[in-house]
Amino acid sequence: QVQLVESGGGLVQAGGSLRLSCAASGRTFSSSTMGWFRQAPGKEREFVAITWSGRRTYYADSVKGRFTISRDNAKNTVYLQMNSLKPEDTAVYYCVAGDRVVATTRPEEYRYWGQGTQVTVSS
């Protein structure tokens, strides 16, 4: 059974930093795209960042320059370093993984989802 388990969420003041982790189990995702989406209250789920084929990355414009996605294939884990956090970054953050390499922001292309971790940024 494949599982993605996020950790690292919490409450932080605006301008602060958090590092999210997502540990995968049940299969290896070294040859697949992994990434992050988020959903704020009353809003649709939105793309945040993905990584694939080693070190290739892509970010939403809203987080570019502030967030950094990385992965450790030996640990089957993907990370999201979030700096200069803003109140509008408040959301539940979901880790995702695909069955193959895809470079897409469409959530339906990602078969596996974590349970989510809450990030709250106070002003």
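Here the alpha carbons of region 58-123 define both size measures, Rg and Dmax, at 12.9, 39 Å. Would you be so kind as to identify which of Ala74, Thr33, Cys22 lies farthest towards the positive end of the dipole of the chain, taking Lys and Arg as +1 and Asp and Glu as -1 on Cβ and the Cα centre as origin? So the residue we want is Ala74. Placing a pseudo-label 7 Å from each Cα along the Cα-to-Cβ vector at Ala60 and Arg19 gives an inter-label distance of 2.3 nm.
So for the chain, averaging the separation of alpha carbon pairs under 8 Å that are six or more residues apart and normalising by length, what relative contact order in percent results? Write down the numbers at each step before the final one.
Values: 305 pairs, mean separation 44.7, N = 123.
Taking the mean separation of contacting Cα pairs over the length of the chain, I get 36 percent.
Quote to one decimal, in nm, the extra length available between Asp99 and Ser70 on full extension: 0.36 nm per residue of separation minus the C-alpha distance between them. Length gained, Asp99 through Ser70: 8.6 nm.
What is the projected area of the convex hull of the Cα atoms of the chain, averaged over all directions, in nm²? Can you show the working numbers first?
Values: hull surface 27.1 nm².
Mean orientational projected area (the chain, Cα hull): 6.8 nm².
Positive-end ranking of Thr90, Val48, Gln118 along the dipole of the chain, with charges on Cβ about the Cα centre, is headed by Val48.
About the centre of its Cα atoms, the chain shows a dipole size close to 280 debye [charges on the beta carbon of Lys, Arg (+1) and Asp, Glu (-1) only; nearest 20 debye].
Semi-axis lengths, largest first, of the ellipsoid equivalent to region 1-52 are 23, 14, 12 Å, with √(5λ) applied to each eigenvalue of the Cα gyration tensor.
Positive contributions from Lys and Arg (+1) and negative ones from Asp and Glu (-1), summed over other residues with Cβ under 12 Å from the Cβ of Gly9, come out at 0.
Computed 3J(HN,Hα) for region 94-106, one whole-Hz value per residue from the Karplus formula 6.51 cos²θ - 1.76 cosθ + 1.60 where θ = phi - 60°, is 10, 7, 9, 8, x, 7, 8, 7, 9, 10, 9, 9, 7, glycine and proline marked x. Take the chain with all the other protein chains still there, run a 1.4 Å probe, and you get 52 Å² of accessible area per residue.
Only protein atoms count toward the accessible area here, which uses a 1.4 Å probe; on the chain, the carbon and sulfur part of that area reaches 44 percent.
The values are calculated or read from the model by the stated rules, or taken from the named source; none is laboratory data. Here the structure is a predicted model, which is why all the values come from computation and not from measurement. For neighbour counting, all protein chains shown are included, and Cβ atoms are generated from backbone atoms with ideal geometry for every residue, glycine included. Note: accessible area is taken over every heavy atom of the protein model, side chains too, but ligands, DNA and RNA are not part of it. Shrake-Rupley method; radii C 1.70, N 1.55, O 1.52, S 1.80 Å.
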